[in-house]
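The values are calculated or read from the model by the stated rules, or taken from the named source; none is laboratory data. Source: prediction; values computed, not measured. A quick note on method: Cβ atoms are made from the backbone with ideal geometry, for glycine too, and the neighbour counts reach across all protein chains shown.
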Amino acid sequence: MRRKLVAGNWKMHGSLADNQALLGALKAALNGLQGAGVAVCAPFPYLAQLQSELAGTSLAWGAQNVSEHAKGAFTGEVSTSMLKDFGCTHAIVGHSERRSLYGESDEIVAKKFMAAQAAGLTPILCVGETLAEREGSVTEQVVGRQLDAVINAAGVESLAKAVVAYEPVWAIGTGKTASPEQAQAVHAFIRGKIAGLSKAVADGLVIQYGGSVKASNAAELFSQPDIDGGLIGGASLIAEEFIAICKAAA
């Protein structure tokens, strides 16, 4: 049985004081949680705090983005080696906000995916469609294209050391959530597509759902056969909500 993973994506939120209170609550409630892994992905300035607070616990931590470049004249970018210096084990790549607001193409996302993996980080590869694309009945074409960019560049076997997060763009920060059946259908498509290339990789692949997951809907979402946890946005900033979501996965 695949182990579920719940990852908190803080987006551009946090302060040293707020983080300390949140992390303290998470450690008290989730350290040693059986049945699901827990990771926290925070803005770059707070990675040292995560390393200090979470070292020695069962909670992992990571970054919300990473450069595809190892080093060089790329002002403002953060490399994989820098993330490793702060004990990161995960890096989100291809989040819908990076794609839409900062113009990251499928090809750039694939390069970031490969850079993270080459450094020993587990990439959390985000895929998903906009509202217009869903209404145009091209969800599978869009998600398939985003997956193909990585598979063509890195090979299907690379997904054996990665996490895929399906995040319907229309359900991020809107309060809307794909129904469990809608989410399951896309997750099943993703697993089926991978199975067509490698059944072993598909069977072991962790596919998270990321789209306004809350304590109130987590259990129903996570009970679907192909939903292996969640990539949690706003709810990960509220200790009680995130703890309840993690326990639902476990």
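Some observations on this one:
- Any hit, region 212-219, residues being surrounded by 18 or more Cβ atoms within 10 Å (Cβ to Cβ) and on the phi > 0 side of the Ramachandran plot: yes
- For beta carbons closer than 8 Å, sequence separation of 6+ or different chains, a first residue in region 55-78 that is free of Cβ contacts under 8 Å to residues at least 12 places away in the same chain and a second that is part of a loop (DSSP other than H, G, I, E, B) and polar (S, T, N, Q), the qualifying pairs are Lys71/Ser79; Phe74/Ser67; Glu77/Ser67.
- Test: residue in region 201-211 that is of a type in the set (Gly, Ala, Ser) and over 25 Å from Ala115 (Cβ atoms): yes
- Considering Ala110, Ala116, Ala132, the condition of being within 30 Å of Thr177 (Cα to Cα), in a helix (DSSP H, G or I) and free of Cβ contacts under 8 Å to residues at least 24 places away in the same chain is satisfied by Ala132 alone.
- Residues satisfying the stated conditions in region 75-131, i.e. touching a helix residue (DSSP H, G or I) at 6+ places or on another chain (Cβ under 6 Å), surrounded by fewer than 19 Cβ atoms within 10 Å (Cβ to Cβ) and among the aromatic types (Phe, Trp, Tyr): Phe86
- Options Glu181, Glu140, Glu157: the member that is of a type in the set (Asp, Glu), closer than 22 Å to Arg3 by Cβ, part of a helix (DSSP H, G or I) and modelled with pLDDT of 95 or more: Glu157
- The sole residue among Gly229, Gly192 that is at pLDDT 95 or above and buried (at least 23 other Cβ atoms within 10 Å of the Cβ) is Gly229.
- Entry remark, region 86-99: residues being in a loop (DSSP other than H, G, I, E, B) and either out of contact with any Gly (no Cβ under 6 Å at 6 or more places or on another chain) or among the hydroxyl-bearing types (Ser, Thr, Tyr) (or both) number 5 in total.
- One residue stands out among those in region 15-66 that are touching a Ser or Thr at 6+ places or on another chain (Cβ under 9 Å) and surrounded by fewer than 20 Cβ atoms within 10 Å (Cβ to Cβ): the one that is nearest to Ala115 (Cα to Cα), which is Ala60.
- Members of region 132-163 that are more than 16 Å from Ile194 (Cα to Cα) and loosely packed, with under 14 Cβ neighbours inside 10 Å: Ala132, Glu135, Gly136, Ser137
- Residue in region 122-136 that is at pLDDT below 95 and of a type in the set (A, V, I, L, M, F, W, C) present: yes
- Ala171 being over 23 Å from Gly120 (Cα atoms), modelled with pLDDT under 95 and either surrounded by 15 or more Cβ atoms within 10 Å (Cβ to Cβ) or touching a Cys at 6+ places or on another chain (Cβ under 9 Å) (or both): yes
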